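What follows is a set of notes on a single structure, which appears directly below.
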Amino acid sequence: MSAVKNDMINVLSQQEIDAIEAEIEHLPDRKSAAIDALKIVQKYRGWVSDDSLRATAKLLEMSDEELDGIATFYSLIYRHPVGEKVVMYCDSVSCWIMGGNKVRDRLKEKLQIEPGQTTEDGKYTLLPVTCLGDCDHAPAMMVGDDLHHDLTPESLDKIFEEDA
Amino acid sequence: METPLTKNMRADKSPVALSDYMSTGGYAAVTKTIGKSSPAEVLQVVKDSNLRGRGGAGFPAGMKWSFVPMNEDDPGHKYLVANADEMEPGTFKDRLIMEQDPHQLIEGMILAAYTIQADVGYIFIRAEYHYAIRELKKAISACHDKGFLGKNILDSGYNLDIHVHVSAGRYICGEETALLNSLEGKRAHPRAKPPFPQVSGLWGRPTIVNNVESLACVSHIVNNGADWFKSLGIGEDSGTKLFGISGRVKKPGTWELPMGTPIRELVEVHAGGMQDGYKLRGFLPGGASTDFLTEAHLDLPMDYDVIMKAGSRMGTGQMIILDDKTCPVAMVENVVSFFARESCGFCTPCREGLPWVEKVLHAIEVGEGVPEDLQILERQGRFIGAVGNTHCALAPGAIEPLTSALKYFREDFEQHIRDKKCSYQ
Ligand SMILES: Cc1cc2nc3c(=O)[nH]c(=O)nc-3n(C[C@H](O)[C@H](O)[C@H](O)COP(=O)(O)O)c2cc1C
Ligand code: SF4
């Protein structure tokens, strides 16, 4: 990544900076707020771009590389743009036993994308997720913040109709 | 039969508010303890109760707490962390507590924190548990209003704040030292032990990490005593446990039952037996990182040491059932590919070994396996599974379903290789 310009922090809004500073306040050092800061930026922008990453690193007084190492470690920090809602289907073993693959295949077909991709209209990004702790209602998935379970290929149609 | 952990939970699953929690004896343990009993007294009761950690390893909670230095002249922070990461595949129990009776966790945390004289508590919770996050924040704020949290709790001079820390994903965050790194804002790589977190944990300060269900037991132990808690178990272990079953049973679910409940009772009574047309072939007794057991083990009680002696682990006590129409090779492939994805990448046997095993399993499953593959799997199983070859317990846990499947379902592996196909499809 290229060298940070001094005015780089201006990439972040005052709201973002204030929210990040508020996190730093109850931590022993600035770096400890790294994950919180990335989440704040993502809350305002949907994802963490190279520019916002550099600006955040500067605010936290750490190197871009160190912050990027953290950002790319965590599955819920997005370093690429994502759709308005992320569709996270569980691909862990209990859902798999209960027909999770069929649900995944129907999702791919419905949204016309592969896991990791975003629909052309920018509405949905499809991602697998670790066991959602809803195994007595497998298969399960989340659409944005909403949990859906006891899924069948057919029940997906209704969920997306209602979400539209 | 007493069910302390679930007694307040409602049929409609709506959360128990502070007033309702208190009307059934909630916060009585806090009221009678904070500033009235010494931390050493609380520690003794918890030790005597033989409460074992419900997060997977079954480590005695009282013993863990007793390692925290109790130096009154040390002005620095101490921390208590509730592990609410719950990502072990097939595990759905901590969510129940946090969504439906969150004060039980908060009360347990106050008592545990008081015992080790921690002044800051964190609930490290996975981001997908939106509902639980909201209820926990509400519960914490209600406790501040009542004076159960904050400065000078109940005029005792004791201070405690609890923060809800929402994770940014990755299964490895549930490993307690990886969790601490994540709380410090770093990549969630597990730490070398020693030093143990009890002595040098969060930001180098003494820290206790306990599972949500373990902490939820504490107020009941303080209220009713160690002997009462011991008497709840019908086998060797103390207390009740949130046991659960997923897979092709009639009524999958989680139920609070005595420690030591026979596996057969769990499957046949509580889960209603197998669905019509399906037979039980085996099960992972406590989440995806435990060894398979089979029909021959159905009469064992769910006690830590008994399941260990049978060659597996009780883990989270949440069983996943393999039925006769599900391919064991494909099931193990699913499990191994999960752990390969979730490896933090720190050590070679886990980072390189698990994807290799995953590829070999995939080849066998799609009919491209060769007889030598079984030796590769066995050798890798021994290598990845050996304690000490890896930095944390993810890799040994990841390989347990495979090594046990090679023992119990070997003919399936051989048939795939011989017939060059999976006969389950
Ligand atoms: C890879 C891995 C993942 C883990 N995930 C969790 C988890 O999600 N929740 C949990 O309570 N314990 C988890 N544990 C166990 C913790 O490391 C730790 O033992 C536990 O939180 C201690 O609490 P307890 O003594 O009350 O059981 C995990 C362990 C490993 C090795
Ligand atoms: S065993 Fe796996 S998860 Fe654990 S430290 Fe090593 S690479 Fe990371």
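Charge dipole (Cα centre; +1 on Lys/Arg Cβ, -1 on Asp/Glu Cβ; no other charges) of the protein assembly as shown amounts to roughly 620 debye. Loop-located trypsin sites (Lys or Arg not before Pro) in region B:1-63 (DSSP state not H, G, I, E or B) with no more than 16 neighbouring Cβ atoms inside 10 Å: B:LYS7, B:ARG10, B:LYS13, B:LYS36. On the principal axes of its alpha carbon atoms, region B:47-160 extends 44, 34, 24 Å, with the longest extent given first. With a simple spin-label model that places each label point 7 Å from the Cα along the Cα-to-Cβ direction, the separation between B:ASP12 and B:ARG410 comes to 5.7 nm. Taking the C-alpha atoms only, the angle from helix B:394-408 to the longest principal axis of chain B is near 40 degrees. The reciprocal of the average 1/r between distinct C-alpha atoms defines the Kirkwood hydrodynamic radius, which for region B:245-323 equals 12.1 Å.
Sites listed here are GluC sites (Glu not before Pro) in region B:18-86 whose DSSP assignment is loop and whose Cβ has at most 13 other Cβ atoms within 10 Å: B:GLU72. For the Cα trace of region A:4-107, dividing Rg by the Kirkwood Rh returns an Rg/Rh value of 1.11. Using R0 = 22 Å, the C-beta based FRET efficiency linking A:GLU61 and A:ALA22 works out to 0.85. Computed from the Cβ-Cβ distance with R0 of 35 Å, the FRET efficiency linking A:GLU154 to A:THR72 stands at 0.40. Under the criterion of Cα pairs below 8 Å and six or more residues apart, the relative contact order for region A:3-73 equals 37 percent.
The smallest convex shape that holds all Cα atoms of region B:289-425, its convex hull, gives 104 Å³ per residue. Using a 7 Å offset from Cα along Cα-Cβ at B:LYS36, what residues in region B:140-168 end up with backbone N under 14 Å from the label point? Under 14 Å, as judged by backbone N against the label point of B:LYS36, lie B:154-156 of region B:140-168. In this structure, the pairs whose alpha-carbon distance is over 22 Å, taken from A:LYS58/B:LYS186; A:LYS43/B:LYS78; A:LYS85/A:LYS110, are A:LYS43/B:LYS78. In percent, rounded to a whole number, the relative contact order of region B:16-160 is 30, using alpha-carbon pairs under 8 Å and six or more apart. Each Lys or Arg adds one and each Asp or Glu subtracts one; over the other residues with Cβ under 12 Å from the Cβ of A:LYS123, this totals -2. Using Cβ point charges alone (K and R +1, D and E -1), the dipole size of region A:3-73 about the Cα centre works out to roughly 160 debye. Under a model in which nothing but the beta-carbon of Lys, Arg (+1) and Asp, Glu (-1) is charged, region B:328-419 shows a dipole of about 360 debye around its Cα centre. Percent of C-alpha pairs per 10 Å bin in region B:18-231, short distances first: 9, 38, 40, 14, 0. Less than 15 Å Cβ to Cβ from B:GLU41, Lys/Arg counted +1 and Asp/Glu -1: what total charge do the surrounding residues give? Here the count lands on +2. Computed from the alpha carbon positions, the gyration tensor of the protein assembly as shown leads to an equivalent ellipsoid with semi-axes of 36, 32, 23 Å, biggest first. For the pair B:MET308 and B:GLU352, a Förster radius of 25 Å applied to the C-beta separation gives a FRET efficiency near 0.30, rounded to the nearest 0.05.
Per residue, the convex hull spanned by the Cα atoms of chain B amounts to 130 cubic angstrom.
Look at the dipole of region B:328-419 built from charges on Cβ: of B:PRO396, B:ILE376, B:PHE338, the Cα furthest out on the positive end belongs to B:PRO396.
Every number here is computed from the coordinates shown, using simple stated rules; none is lab data. It should be emphasised that the depicted structure is a prediction, and the values quoted were computed from it without experimental measurement. Neighbour counts are summed over all protein chains in view; Cβ atoms, including those assigned to glycine, are modelled from backbone coordinates with ideal geometry.
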